[in-house]
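Engineer: The structure that follows is given in the form of structure tokens.
Taken together, the values in this text are just the output of simple stated rules run on the coordinates, not laboratory data. The structure displayed is predicted, hence computed values, not measured ones. Methodologically, a virtual Cβ is constructed for each residue, glycine included, from the backbone with ideal geometry; neighbour enumeration extends over all protein chains shown.
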Amino acid sequence: MARGKEYIKKMNEYINSVLTGEREAGRLEIKTVERHVNDLKYAMEKGIFWDERAAMKALEFFSLLRHYKGKWAGAEFVLEGWQCFVVASIFGWKKAGGVRRFNVGYLEVSRKNGKTQLAAAIGLIMLLVDGEFGAEVYSAAVDKDQASICWSAAGAMIQQSPVLRKRTLVSKKSIVVENTMSVFKAFSRDTNNKDGFNPSCGICDEVHAWTTFDIYDVIESGMGARTQPLIFMTTTAGLNLSLPCYDKRRVYIEILDGIKEQDDTFILIFSLDEKDDWKNSETWTKACPNLGVSVNMDYMERRLKAAMNDPSKEVEFKTKNLNLWVDAPTVWISDEVIMGNNHGTLDDSLLGEECYGGLDLASTGDINALALFFPGLEHNPVKMFFWIPEAKMIEKEDKVNYRVWVDQGYITTTLGNIIDTEFLKEDIELILRRYDVKNLSYDPFLAANGVIQHLGDRGYYDVMDELPQRITTLSQPTKELQRMLLSRSMDLMNNPVLRWMFRNVFIYTDPNLNIRIDKKRSSEKVDGCAALVNAVAGYMSRTLADKSSQMYKSHGLRTIKL
């Protein structure tokens, strides 16, 4: 195991360089290395142990692998220190009975650092040398094309290796090891035949783009009969912080920080730290461990110049090359701020309380939203209601999983391809009767579906106000909403639909610094945010009117309604 010993030495040098500061490492990378060192120290107390021979065996396998494209095609797959650390950690840590400790691995690193090839190699280890008879390895992603990338990389490396070619049969759809009856396939939501599904390994690629983790759950639930299965996830940073990968990442960071405990999960995140200057090349190794190896400094500097010259390329450079989860350049309120506006208000505490409503009515096939704003309660709670036709939940053209939000009660559906306006009228009326609604503001341009007329007929004309969606009428309430959010003085009641919509908002600013939500230029749906602006506008208007009325009365005058 000459190569394996060499790689163990290389891994230890990497660990030492991180701990001593010789390597410019990010906070989360340091946390992972410290976790490894502490586990070595307290292994017996934790019921785990370090099996260096098992780590060496996995590392030795890489001497059989060859690169398959570019200038390295045909050359041996030589691991860098951080890659040795990943492979050795996954296969070297054991628990009672000698089975592997880690059943889940999460690697987040910037583009061009060889994560897909590394993941494919780990899949081949699980296929060929793990000692699992009837192994089933799957390269998984949201669609067939993405799922086939990692699987194709595995097949290409086999074709470049004389030893592995003799042991496997590579076809258009599978890699088979006949003597152990093992198989490696691509797997996605589109895969039809899941009968007898019994995975021993799932390689989940670019999970930042996964709209749901349904595929992950299918793989995990199918592993029940395996003694030491492995799910290995790889990704770069993404833009949509409402997708499940970012929530998973939050949990993983809490594990690294010691807030939560999960001994069966390996986590390694390469990323710049919060206060780092992304334009400073000295920080780039934090996100790009292969800088100077598979990633050229000239390439990075060219990408930086492109980002500096063209703001539209800045976000791509930050996410793909520096592995930063960042807001789109048009984002209004950051996700961190939105999540800071959740204070635990309970639904029952809102019943019968004074509030101000904002309606955002839509076309018959889109989202209708109602926001209720409770300014008299602590933290200014906001209760949201959303309606969509059932067909919109099924089509998923908005790239979010409406079904989950429907099941959780955050969205109501009506039967058919278009919204059932009769149902919508009745439902909104029931909601308004449940609360003490002082005002309901709405866009008169979208009031032709009968909802406003229905509410008026039921006695709500006195509390309803038209609110033309002009920048002069929307600017002040939009700024007031912004002020409350930035000061963390609202409670959005952990509404995931509203959180997603805030991520999509594009703000238009005119020469006089008036602002409004620009629906046409926003990246996705923002109806809930628009409804909330309308609610705040109604509150500001009614409050101002009440103050004016009190002022007139105090001077012995009376107001005249025109």
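Engineer: Would you calculate a helix-derived [θ] at 222 nm for the chain, using -39,500 (n - 2.57) for each DSSP H run of n ≥ 4 and dividing by the full residue count, to the nearest 500?
Structural biologist: My calculation for the chain gives -12000 deg cm²/dmol from helical runs alone.
Engineer: Would you work out the relative contact order for the stretch 344-549, in percent, from Cα pairs under 8 angstrom that are 6 or more residues apart?
Structural biologist: 28 percent
Engineer: With everything on Cα atoms, drop me the angle between helix 144-159 and the longest principal axis of the chain, reported from 0 to 90° to the nearest 10.
Structural biologist: Here the helix axis deviates by roughly 10 degrees.
Engineer: Let me ask you something else. Let me check against my output: what whole-number percent is the relative contact order of the chain, with C-alpha pairs under 8 Å and at least 6 apart?
Structural biologist: Computed over the chain, the figure is 13 percent.
Engineer: Going by Cα centres, the stretch 80-153 and the stretch 268-284 are how many Å apart?
Structural biologist: What the calculation gives is 26 Å, centre to centre.
Engineer: Antiparallel versus total DSSP beta bridges in the stretch 344-549: what percent is that, nearest 5?
Structural biologist: Here the share of antiparallel DSSP bridges comes out near 50 percent.
Engineer: Taking the mean number of other Cβ atoms within 10 Å as a proxy for protection, how do you rank 121-129, 361-369 from highest to lowest?
Structural biologist: Most protected by this proxy first, the peptides run 121-129, 361-369.
Engineer: A further question on this structure: Can you check what the net charge comes to around E429, using other residues whose Cβ is under 12 Å from the Cβ of E429 (Lys, Arg +1; Asp, Glu -1)?
Structural biologist: Surrounding charge for E429 is 0.
Engineer: Which ³J(HN,Hα) values in Hz, rounded to whole numbers, follow from the phi angles of the stretch 246-260 under the Karplus curve 6.51 cos²θ - 1.76 cosθ + 1.60, where θ = phi - 60° and Gly and Pro get x?
Structural biologist: Going residue by residue, I get 5, 5, 4, 4, 4, 5, 4, 5, 5, 5, 4, 7, x, 6, 10 Hz, with x marking Gly and Pro.
Engineer: Would you please give the FRET efficiency between D264 and L40, computed as 1/(1 + (r/R0)^6) with r the Cβ-Cβ distance and R0 = 22 Å, to the nearest 0.05?
Structural biologist: 0.80
Engineer: Tally Lys/Arg at +1 and Asp/Glu at -1 over every other residue whose Cβ is under 10 Å from the Cβ of K519; what's the total?
Structural biologist: +1
Engineer: If the only charges are +1 at each Lys and Arg Cβ and -1 at each Asp and Glu Cβ, what is the size of the charge dipole of the stretch 2-296 around the Cα centre, to the nearest 20 debye?
Structural biologist: 880 debye
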